[in-house]
1. Per-residue ellipticity at 222 nm for the chain, helices alone: DSSP H runs ≥ 4 residues times -39500 (n - 2.57), over residue total, nearest 500 deg cm²/dmol?
2. Can you list the residues of the range 89-113 with backbone N under 19 Å from a point 7 Å past the Cα of ARG225, pointing along Cα to Cβ?
3. Using alpha carbons only, how many angstrom separate the centre of the range 336-371 from the centre of the range 383-450?
4. Can you give the local net charge around ILE322? Use residues other than it whose beta-carbon is closer than 15 angstrom to its beta-carbon, Lys and Arg +1, Asp and Glu -1.
5. Against the longest principal axis of the chain, how steep is helix 127-140, in degrees 0 to 90 to the nearest 10, with axes from Cα atoms?
6. Please compute the per residue accessible area over the range 152-301 with all protein chains in place, 1.4 Å probe, rounded to a whole number of Å².
7. Say the dipole of the range 334-450 comes from +1 at the beta carbon of Lys and Arg and -1 at that of Asp and Glu; which of ALA353, SER381, LEU394 then lies farthest toward its positive end?
8. Any idea of ASP310's accessible area? Nearest 10 Å², probe 1.4 Å.
Amino acid sequence: MSSDFSQGKVWRRIVSQAVPLTLAQLVQLLYNIVDRIYIGHLPGADSTALTGIGLTFPLIMLVTAFTFLYGTGGTPLFSIARGAGDTARASRILGCVFSLLSVTSLLLMALCFAFKRPLLYLFGASDASYVYANAYLRIYLLGTPFTMLATGLNGFINAQGFPRMGMLTTVLGAGINLVLDPLFIFVFHMGVSGAALATIISQAISCIWVLRFLTGGRVLLPLRRQDMRIELPLTREIVALGASGFIMQATNCLVQIVCTASLHTYGGDLYVGVMTVINSVRSVLDMPVGGLNNGAQPVLSYNYGARQFDRVRQGIRFTAMIGIVYTLLMWLFVLLFPELLIAVFSDDAQLLAAAPHALRVYFFGFFFMAFQYAGQTAFQSLGFARHAIFFSLLRKAIIVVPLTLLLPRLGFGVDGVFLAEPISNAIGGLACFITMMLTVYRQLERQIRP
C-alpha cells in the first residue's frame, strides 16, 4: 500500500515522495520567480522595480515562517501518529493545524497592512523603490489566507502517500499564474500590481484544490469539521516541533532586513536589486535538495513511529549523500556560469555588471548547506525539537546577522554582506550534521532490535 512507508526499499520510498514534491516546489517557486523575471524586464523601470520587490521579502518570509510553524510541526506528528496506528490523534492534529493556519493568516494580514509603510522604510526603501514595493504588497497581502492554507496543509496530502496530488496543488496554481502574469503586467499595463494580482488568484485556486482533496473521500484521514479545534496540548506539541521551521524562516526574514539595510548603506538600491536576484537564484538551486528532504520527512517519521529504526538510518544516509553530491554540482555551475543565471532575471546593464562577483561570493562552499538540511530533517522528523531549534538559530541569528553587520565595517563593504552566508553554511551546517550523527543516529543504532 502506497501509504505504508515501512514497506519497500527506503531510498525508493524517499524518491517516490521527493520527485513529485520537488516538482511541486519548482512550480511553487514560479509564483514569485516569474513575477521577478517579468518585473526585472519592465520597460523603463531599470533595477528599481526589482529592488522594490526585494523589499517585500521580509514580510513574505514572515508569513512563510508562521506557515512552517504549524505545517512542519504538525506533519511529522501526524506521520508518527499514523505510523503508530493512532488515527484518532492524527485526525485531531490535522484539524488543529487547519484552525491555527486560518486564525493566524487573518491576524498577519491585518498587521502587515497596518504597518507596511514604516516597515518597508525600515527595510531600506527609498522614495523611488517604495512606490513599487507598496504597489506589489498591498495586493499580495490579500492572498495571505490562501497562501498559508495551501502551503501549510499540502504536507498532510504528501504524508498520506499522495505526493503526486500534492504536486498538482501547486502545478494548477502556477500554470494559471504563468498565464495571468504577462496578461496583467503587459497587456493590461498593471505593472507590479498585476504581478501581485496574478499571484493571489493562483494561490486561491491552489488553496481550493487542497481543501477539496483533504475533505474528499480519497484520503485515508480527511479533514473533518469536528476536528477543527485549537487544542492547547496539541498546539504546544505542534509549535514545539514546528519552532525550528519557524525560526529558519523568521531568521531568514531577519537576515533579509539586515542585508537590505546594509546593502542600501554600502551599495545603494543597485545592490538591493542584486540581492533580489541572488535570492531568486538561491531559491531555484535550493529547491531540489529541499524537495529531497521534504520527501524524506514523512518516510523517516512513519518508520520512527513504527519502530523501524534501521530504515530510519538508511533514509538519513541516503538523503545526506544525494544532497551533498547535488550541492557540489550546483556550486560548480554557479562558479562557471553566473552571468547566465543573472540574465534570466534582469537586463539592466549596471546590475548585470555587479551581480556575477556577488553571486560567486555568496555561493562559495554551497555544498555545506546539504549538511544543514540532512541534520535538520533528521531532528525534525524524529521529534527532537530542541536540537532542531538550536541549529536553526545558530546558522542565521547567531552567525549570519552579526557577520552581516560586522564584515562591511571591517573594510569588506558590500562583499562582507555576501560573505556572511558561506561562512555560516560551513560552521552551522557541519555543527548540525556532526551533532545529529553523534546523538540521534547513534541512538537509533542502539534501539535496533537484534
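1. For the chain, the value works out to -27000 deg cm²/dmol.
2. 91-100, 102-103
3. 23 Å
4. +3
5. Helix 127-140 sits at roughly 30 degrees to that axis.
6. Using a 1.4 Å probe on heavy atoms only, each residue of the range 152-301 averages 35 Å².
7. SER381
8. Accessible area of ASP310: about 70 Å².
The values are calculated or read from the model by the stated rules, or taken from the named source; none is laboratory data. Since the structure is predicted, the reported quantities are computational estimates derived from the model, not experimental observations. FYI the Cβ positions are ideal-geometry reconstructions off the backbone, even for glycines, and counts take in every protein chain you see. Just the protein is used for accessible areas: all its heavy atoms, side chains included, with ligands, DNA and RNA removed. Shrake-Rupley method; radii C 1.70, N 1.55, O 1.52, S 1.80 Å.
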